[in-house]
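**Q** Got a structure here, written out as C-alpha coordinates. Questions coming.
The values are calculated or read from the model by the stated rules, or taken from the named source; none is laboratory data. Treat the numbers as computed from the prediction; the structure is a model and nothing was measured. Reconstructed Cβ throughout: ideal geometry from the backbone, glycine too, with neighbour counts over all protein chains shown. SASA here: full protein model, heavy atoms, side chains in, ligands and nucleic acids out. Shrake-Rupley method; radii C 1.70, N 1.55, O 1.52, S 1.80 Å.
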Amino acid sequence: MTGILIDTYTWIEIFRNSPWGQQALECIEQNSPLAVSVLTLYELQYRFTDLCGEEKTGSFIATISTHADVIPVDMQIAIVAGTIRAGQKKGNGMGAVDCMILATARIHNLKVLTGDMHFKGLEETILL
(Lines give C-alpha, C1' and ligand atoms only; values in the text may rest on other atoms or scores of the structure.)
Protein backbone atom coordinates (compact mmCIF):
# COMPACT_ATOMS: atom_id res chain seq x y z
CA MET A 1 0.00 0.00 0.00
CA THR A 2 1.19 3.50 -0.73
CA GLY A 3 -0.62 6.61 0.38
CA ILE A 4 -0.91 8.67 3.53
CA LEU A 5 -1.56 7.85 7.15
CA ILE A 6 -3.41 10.74 8.74
CA ASP A 7 -2.56 11.27 12.39
CA THR A 8 -4.51 12.75 15.29
CA TYR A 9 -2.93 16.20 14.99
CA THR A 10 -4.08 16.46 11.39
CA TRP A 11 -7.66 15.38 12.08
CA ILE A 12 -7.90 17.91 14.90
CA GLU A 13 -6.72 20.71 12.61
CA ILE A 14 -9.19 19.62 9.91
CA PHE A 15 -11.98 19.60 12.47
CA ARG A 16 -10.98 23.07 13.68
CA ASN A 17 -10.88 24.30 10.06
CA SER A 18 -7.52 25.91 10.81
CA PRO A 19 -5.01 26.99 8.12
CA TRP A 20 -3.12 23.74 8.82
CA GLY A 21 -6.38 21.84 8.44
CA GLN A 22 -7.01 23.49 5.08
CA GLN A 23 -3.47 22.60 4.00
CA ALA A 24 -4.07 19.02 5.14
CA LEU A 25 -7.28 18.78 3.10
CA GLU A 26 -5.39 19.92 0.00
CA CYS A 27 -2.77 17.24 0.60
CA ILE A 28 -5.45 14.62 1.18
CA GLU A 29 -7.14 15.52 -2.11
CA GLN A 30 -3.85 14.91 -3.95
CA ASN A 31 -2.98 11.61 -2.28
CA SER A 32 -4.62 8.24 -1.97
CA PRO A 33 -5.32 5.84 -0.55
CA LEU A 34 -5.97 7.33 2.87
CA ALA A 35 -5.36 5.41 6.05
CA VAL A 36 -5.80 5.98 9.77
CA SER A 37 -4.48 3.96 12.68
CA VAL A 38 -7.01 2.57 15.10
CA LEU A 39 -4.92 4.40 17.73
CA THR A 40 -5.77 7.72 16.10
CA LEU A 41 -9.46 6.89 16.46
CA TYR A 42 -8.80 6.12 20.13
CA GLU A 43 -7.14 9.52 20.63
CA LEU A 44 -9.86 11.38 18.74
CA GLN A 45 -12.60 9.67 20.77
CA TYR A 46 -11.31 10.84 24.12
CA ARG A 47 -10.19 14.28 22.94
CA PHE A 48 -13.36 15.21 21.09
CA THR A 49 -15.90 13.72 23.51
CA ASP A 50 -15.05 16.36 26.10
CA LEU A 51 -15.06 19.15 23.51
CA CYS A 52 -18.16 18.40 21.49
CA GLY A 53 -20.01 15.46 23.01
CA GLU A 54 -20.36 11.83 22.10
CA GLU A 55 -22.81 12.25 19.23
CA LYS A 56 -20.72 14.74 17.26
CA THR A 57 -17.56 12.75 18.04
CA GLY A 58 -19.18 9.54 16.82
CA SER A 59 -20.25 11.25 13.61
CA PHE A 60 -16.75 12.63 13.00
CA ILE A 61 -15.12 9.23 13.59
CA ALA A 62 -17.69 7.55 11.33
CA THR A 63 -16.82 10.04 8.57
CA ILE A 64 -13.11 9.33 8.99
CA SER A 65 -13.73 5.57 8.92
CA THR A 66 -15.74 5.93 5.72
CA HIS A 67 -12.99 7.81 3.90
CA ALA A 68 -9.86 6.08 5.21
CA ASP A 69 -8.75 2.50 5.70
CA VAL A 70 -8.54 1.79 9.43
CA ILE A 71 -5.36 -0.11 10.23
CA PRO A 72 -5.35 -2.13 13.46
CA VAL A 73 -2.29 -2.61 15.65
CA ASP A 74 -0.91 -6.08 15.21
CA MET A 75 2.13 -7.94 16.48
CA GLN A 76 4.41 -6.65 13.71
CA ILE A 77 3.46 -3.01 14.42
CA ALA A 78 3.96 -3.53 18.15
CA ILE A 79 7.44 -5.01 17.67
CA VAL A 80 8.59 -2.35 15.20
CA ALA A 81 7.19 0.38 17.47
CA GLY A 82 9.09 -1.08 20.42
CA THR A 83 12.27 -1.02 18.36
CA ILE A 84 11.65 2.63 17.42
CA ARG A 85 11.06 3.55 21.06
CA ALA A 86 14.14 1.66 22.26
CA GLY A 87 16.28 3.58 19.78
CA GLN A 88 15.27 7.01 21.09
CA LYS A 89 16.85 9.16 23.77
CA LYS A 90 15.01 9.16 27.07
CA GLY A 91 12.89 12.24 27.60
CA ASN A 92 13.18 13.45 24.01
CA GLY A 93 11.50 10.68 22.09
CA MET A 94 8.05 9.83 20.89
CA GLY A 95 5.44 8.34 23.14
CA ALA A 96 4.07 4.86 22.60
CA VAL A 97 1.20 5.92 20.33
CA ASP A 98 3.45 8.01 18.05
CA CYS A 99 5.91 5.10 17.83
CA MET A 100 3.07 2.82 16.75
CA ILE A 101 1.86 5.38 14.19
CA LEU A 102 5.38 5.55 12.73
CA ALA A 103 5.67 1.76 12.75
CA THR A 104 2.32 1.52 10.95
CA ALA A 105 3.55 3.93 8.28
CA ARG A 106 6.78 2.00 7.79
CA ILE A 107 5.14 -1.40 7.59
CA HIS A 108 2.39 -0.27 5.22
CA ASN A 109 4.62 1.99 3.10
CA LEU A 110 2.69 5.15 4.00
CA LYS A 111 3.63 8.78 4.64
CA VAL A 112 2.42 10.27 7.93
CA LEU A 113 0.52 13.54 7.40
CA THR A 114 1.11 15.49 10.61
CA GLY A 115 2.12 18.68 12.31
CA ASP A 116 3.48 16.81 15.31
CA MET A 117 7.13 17.82 15.75
CA HIS A 118 8.01 14.31 16.98
CA PHE A 119 7.83 13.28 13.32
CA LYS A 120 9.96 16.17 12.00
CA GLY A 121 12.86 15.08 9.82
CA LEU A 122 11.66 11.52 9.27
CA GLU A 123 11.44 10.33 5.68
CA GLU A 124 7.93 8.99 6.32
CA THR A 125 6.64 12.46 7.25
CA ILE A 126 4.64 15.04 5.35
CA LEU A 127 4.85 17.90 7.83
CA LEU A 128 2.12 20.56 7.88
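**Q** Restricting to segment 1-50, and then to whatever is closer than 20 Å to Leu102 by Cα and among the acidic types (Asp, Glu), can you tell me which residue is surrounded by the most Cβ atoms within 10 Å (Cβ to Cβ)?
**A** Asp7
**Q** Of all the residues that make up segment 44-77, how many are under 21 Å from Lys111 (Cα atoms) and touching a residue at least 24 places away in the same chain (Cβ under 8 Å)?
**A** Of the residues in that region, 12 qualify.
**Q** Name the residues in segment 78-128 that are assigned to a loop (DSSP other than H, G, I, E, B), touching a residue at least 40 places away in the same chain (Cβ under 8 Å) and open to solvent by 60 Å² or more (accessible area, probe 1.4 Å), would you? So that I can check it myself, show each step before the final result.
**A** Applying the first criterion (assigned to a loop (DSSP other than H, G, I, E, B)) to segment 78-128 yields 87-95, 108-109, 115-116, 120-124, 128.
Now narrow it down to the ones that are touching a residue at least 40 places away in the same chain (Cβ under 8 Å): 108-109, 115-116, 128.
Answer for segment 78-128, where residues must be assigned to a loop (DSSP other than H, G, I, E, B), touching a residue at least 40 places away in the same chain (Cβ under 8 Å) and open to solvent by 60 Å² or more (accessible area, probe 1.4 Å): just Asn109.
**Q** From the set of residues in segment 83-118 that are small (Gly, Ala, Ser) and modelled with pLDDT of 95 or more, which is nearest to Arg16 (Cα to Cα)? Please lay out each step first, then the result.
**A** Narrowing segment 83-118 to residues small (Gly, Ala, Ser): 86-87, 91, 93, 95-96, 103, 105, 115.
Within this subset, residues satisfying the condition of being modelled with pLDDT of 95 or more are 103, 105.
Details: Ala103: 27, Ala105: 25 Å.
Among them, the one singled out is Ala105.
**Q** Scan segment 51-68 for residues that are open to solvent by less than 30 Å² (accessible area, probe 1.4 Å) and in contact with a strand residue (DSSP E or B) (Cβ under 9 Å, 6 or more places away or on another chain) and jot them down. Walk me through it before giving the result.
**A** Within segment 51-68, the subset open to solvent by less than 30 Å² (accessible area, probe 1.4 Å) is 53, 57, 61, 64, 68.
Across segment 51-68, the qualifying residues are Ile64, Ala68.
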